[in-house]
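**Student:** The following block contains the structure, expressed as structure tokens.
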Amino acid sequence: MSLELSKKVLKISPSATIGMVGKISQLRSEGKDIISFNIGEPDFNTASHINKAMYDAVESGHTKYVSVSGIAELKKAICNKLKNDNNLNYSESQIVVSTGAKHSIYNTVMALVNEGDEVIIPTPCWVSYEEIVKLSDAKCVFVPTNKNDFQLDINAIKNSITDKTKAIIINTPNNPTGCVYSEEILKELGKLACEHDFYIISDEIYEKLIYDNKKHLSTASLNEEVYNRTITINGFAKAYAMTGHRIGYAAYPNNEIAKLASNLQAHTTSNSTSFVQYAALVALEHDQQFVKDMVEEFDRRRKLSFELLDEIPNIKYNKVNGAFYIMIDVSYFINKSYNGVTIKDADDLSLYLLDEALVALVPGKSFQAPNFLRFSYSNSQGNISIGLKRMKDALEKLK
């Protein structure tokens, strides 16, 4: 009998974003004052009315098993939200509530693809898309976005489509680029999906975090044909500062796919935490001023970050309109040195900045963007000012 471990799981790469958290924790335990620009979560506390709803649910006995796909009240509220915010019509049977949007993406990929299928992933991309597709035994097809603005390159996507293409995973507003995909681009993508008969998995977890009067457009709302090929993914982590609550959802174009996703979930996690679902219900149905206030503060931080990044020589970046990320092109610093340290790639540069400037950014290799660092402005304005000054000083030492 062989005690060899799973080949499928062994080929999965560790999460670079989560791995960085461990390194920072270690340095902080040593007394280092690390400023984190690596975290992909709001630094705001969850609103008190949401927390109260969760506590009340516990006290009321909502701590038991519930329907695998979510409590009826929450699924109804999600349908109302999708109708009011996104002009999308779903029935409760088309909604599956899961343990975070990442879980929803996993369920969706597993329900759609087979071994040998191909899934297109525009790059730079969120780190988990590739690993989830690997677990499905499908093939990742990476397609770079436009260099100038990170919008989808429709011609490149078209040229990547084969008879094995099953789906494309998009994320708008985007992690890690902060790009908000335009209506024109999404319409072109929708046409391709209909012409070549593949699914669009549309991750819209950052939909509330948009600036400069840009508008979020749900891909499934384009027309009925596109609706029938689109799975809309969303959740509560980013808009409601509920990252640790682990609750998200998928809206499927038909009951058949929804049932497959629910059946898979029944044999993995079962229902999302019952009392957290009641908190999510209140998050959707309560006044949204908390969300608006948070977005306004993120916008102030975004503009401050632009001002301070403009003062750093030899970097390049786009002034994007969504999420809370900026991708910084650090190609100039490759092969530069300081104090015996030579920068061979962006990974080296991130470690150099961690040691020399005590600031943490995520290297772009895991996002399929090897010459970039991802900077997150989900930190206070004070820390942004201090951290980017440290970063500027450290980069100027490299010669």
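The values are calculated or read from the model by the stated rules, or taken from the named source; none is laboratory data. As the structure is a prediction and not an experimental result, all values here were calculated from the model. Here the Cβ is made from the backbone with ideal geometry for all residues, glycine too, and neighbour counts use every protein chain on show. SASA here: full protein model, heavy atoms, side chains in, ligands and nucleic acids out. Shrake-Rupley method; radii C 1.70, N 1.55, O 1.52, S 1.80 Å.
**Student:** Considering only protein heavy atoms and a probe of 1.4 Å, how much of the accessible area of region 201-314 is carbon and sulfur, as a whole percent?
**Tutor:** After summing per-atom areas, the C and S share lands at 46 percent.
**Student:** May I ask what percent, to the nearest 5, of DSSP beta bridges between residues of the chain are antiparallel?
**Tutor:** 50 percent
**Student:** If you place +1 on the Cβ of every Lys and Arg and -1 on the Cβ of every Asp and Glu, how big does the dipole about the Cα centre of region 126-229 come out, in debye to the nearest 20?
**Tutor:** Charge dipole of region 126-229: 140 debye, to the nearest 20.
**Student:** Once the whole set of protein chains is in place, how much accessible area is left on M54, using a 1.4 Å probe, in Å² to the nearest 10?
**Tutor:** Accessible surface of M54 is approximately 30 Å².
**Student:** Keeping every protein chain present and rolling a 1.4 Å probe, give me the accessible area per residue for the chain in Å².
**Tutor:** Per-residue accessible area for the chain comes out at 44 Å².
**Student:** Starting from the residue with the highest accessible area, list E311, E59 in decreasing order, probe 1.4 Å.
**Tutor:** Descending order: E59, E311.
**Student:** While we're looking at this one, here's another question. For M242, which sequence-distant residues (separation of 5 or more, or a different chain) have an amide H within less than 5 Å of its own amide H, given hydrogens modelled in the peptide plane?
**Tutor:** Close amide H contacts, sequence-distant or interchain: A237.
**Student:** Let me ask something additional. Would you kindly derive the ³J(HN,Hα) couplings of region 95-101 from the backbone phi angles with the Karplus curve 6.51 cos²θ - 1.76 cosθ + 1.60 (θ = phi - 60°), listing them in order in whole Hz, with x for Gly and Pro?
**Tutor:** Values per residue, Gly and Pro as x: 9, 10, 8, 10, 7, x, 5 Hz.
**Student:** Going by amide H atoms built from the backbone, whose H comes under 5 Å of the H on L209, apart from near neighbours?
**Tutor:** When sequence neighbours closer than 5 places are left aside, the close amide H contacts are A323.
**Student:** Given H placed 1.01 Å from N in the peptide plane, which residues other than close sequence neighbours of S98 have an amide H under 5 Å from its amide H?
**Tutor:** Hits under the 5 Å cutoff: G248, Y249, A250.
**Student:** Further, regarding this structure: In whole Hz and in residue order, list the ³J(HN,Hα) couplings for region 256-264 that follow from phi through the Karplus curve 6.51 cos²θ - 1.76 cosθ + 1.60, θ = phi - 60°; x for Gly and Pro.
**Tutor:** Once rounded to whole Hz, the list reads 4, 5, 4, 5, 4, 4, 5, 5, 4.
**Student:** Could you grab the relative contact order for region 138-267? Cα pairs under 8 Å, six or more apart, rounded to a whole percent.
**Tutor:** RCO, region 138-267: 18 percent.
**Student:** Still on this structure: So what are the ³J(HN,Hα) numbers for region 377-392, from phi and the Karplus equation (6.51, -1.76, 1.60; θ = phi - 60°), rounded to whole Hz, Gly and Pro as x?
**Tutor:** 9, 8, 9, 5, 4, x, 5, 4, 5, 5, x, 6, 5, 4, 5, 4
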